[in-house]
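The values are calculated or read from the model by the stated rules, or taken from the named source; none is laboratory data. Quick caveat, the model's predicted, so the values are computed rather than measured. Don't worry about glycine lacking a Cβ; one is built from the backbone with ideal geometry, like all the others, and counts go over all protein chains shown.
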Amino acid sequence: MHKVQERVRPAPAAASRVPVRVFSGIQPTGVVHLGNYVGALRQWAQLQREHESYFCIVDLHAITTPYDPAQFPQQVLEAAAVNVAAGIDPQQSVLFIQSHVAEHTELMWLLNVLTPLGQLERMTQFKEKSRHVRAGIMAGLLNYPVLQAADVLLYKAALVPVGEDQVQHVELMRDIAERFNKQFGETFPLPGVRLTKGARILALNDPTAKMSKSVPGSYIALVDDPETIRKKVRAAVTDPGPPAKGSKLDEATPGVANLFTLLDVFAPVRHPEFADAYQAGTIRYSDLKQVLAEAIVQTFAPVRDKYASLMQRPDEVRALLAHGADRARPVAAATMEEVRGRMGLRGAP
Ligand code: TYM
């Protein structure tokens, strides 16, 4: 079974002098799904207890793909509410909307001058996304990871909890930070990625691809009702029957491995018995799916309730986002002051 162990690439010496800050972001486009929860949100909720944490609804990233401006503010609000419902504590963490802190775009421009074009063109996500673009690729799509670097570096964050699909972007921001430090003096801790178990949850309907909000049959939304969750888990692609006796779980097909990863996250105590049944060749995938579906339903029920209650009080959500931006701004402003100084942009001599 493909399993990503919990691993932290240790932040380098420069970062160890200051308390390690956490930064991560999520796009407010449509649904927040099980993959987002397992790969990212779940670890954000844990990390916020030990680290000064910044979590950002990245609206400026979201507008690099087609969107409806009339519906967008509502989507941003909903994304924020799902984050809070899923365990982000807006008192403990700084939860805010990217465009509410103007320094993100300013730093992005400055980092652009340190980012090789070739490296941006080699980004897997850029290549994937541009394949689906018909009307011409815009510069925003190419520069997307530079804005992501600015997000993290603005807060001098050293720990970036994300899913596996973001690793390359974090490596790029690390390169950019290193180049900046070399050219203009030690300024940024080098960010390291933090991956958790389930850093790449696969699509339920097609386990050769990752679970993604852009592919409708692939995901379970955090706010799906219990019956929908059960139906989607039941429909997940597995094998036609149990494997031969003595089969190894780490050689299971992607669809089966994916369900075992989810079982390990949502019902870890039930994992060993199904792993044994797999190896004995007696497993019934319908049983596994039933246990898994109930565990997911149980985990997401309070998220769904809290989300519904928050969306009845949208002004409260707006207020907590405004509060988050108020907390983020002074930190961002201080970094920009330092960066402008180092880059010789502090006005006339
Ligand atoms: P986004 O909105 O696509 O996804 C949010 C987070 O969910 C993770 N994720 C997954 N994890 C496991 N399995 C999956 N199938 C799966 N799908 C998504 C993502 O890896 C991510 O951690 N560019 C980022 C947002 C961003 C950001 C940042 C992240 C903007 N600035 C700065 C970190 C730091 C994105 O599009 O995430």
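Assorted remarks:
- Filtered residues of segment 210-227 (kept if surrounded by fewer than 16 Cβ atoms within 10 Å (Cβ to Cβ), at pLDDT 95 or above and assigned to a loop (DSSP other than H, G, I, E, B)): ASP225
- Residue in segment 40-56 that is of a type in the set (S, T, N, Q), within 14 Å of the ligand (Cβ to nearest atom), within 30 Å of ARG131 (Cα to Cα) and in contact (Cβ under 8 Å) with a residue 12 or more places away in the chain present: no
- Enumeration of residues in segment 193-220 that are more than 8 Å from the ligand (Cβ to nearest atom) and within 14 Å of the chain's Cα centre (by Cα): VAL193, ARG194, LEU195, THR196, LYS197
- Criterion: hydrophobic (A, V, I, L, M, F, W, C), touching a helix residue (DSSP H, G or I) at 6+ places or on another chain (Cβ under 7 Å), under 24 Å from ALA322 (Cα atoms) and crowded, with 16+ Cβ neighbours inside 10 Å - qualifying residue of VAL160, VAL146: VAL160
- Test for ALA236: is it more than 14 Å from the ligand (Cβ to nearest atom) and out of contact with any Cys (no Cβ under 6 Å at 6 or more places or on another chain): no
- Residue match in segment 231-244 (condition: within 25 Å of GLU78 (Cβ to Cβ), surrounded by fewer than 16 Cβ atoms within 10 Å (Cβ to Cβ) and out of contact with any strand residue (DSSP E or B) (no Cβ under 6 Å at 6 or more places or on another chain)): yes
- Scanning segment 270-291 for residues that are in contact (Cβ under 8 Å) with a residue 40 or more places away in the chain and of a type in the set (Ser, Thr, Tyr) yields THR282, TYR285, SER286.
- Restricting LEU34, LEU95 to residues that are among the hydrophobic types (A, V, I, L, M, F, W, C) and within 12 Å of the ligand (Cβ to nearest atom) narrows the list to LEU34.
- When residues in segment 177-209 are screened for being assigned to a loop (DSSP other than H, G, I, E, B) and not charged (D, E, K, R), 16 of them pass.
- From ALA301, ALA295, ALA275, residue being outside the structural domain of ASP59 (by TED's automatic domain parsing) and farther than 30 Å from ILE88 by Cα: ALA275
- Listed by position, the helices (runs of 4 or more DSSP H) inside segment 95-166 whose residues that are in contact (Cβ under 8 Å) with a residue 60 or more places away in the chain and under 17 Å from PHE55 (Cα atoms) number at least 1 are 103-112, 139-154.
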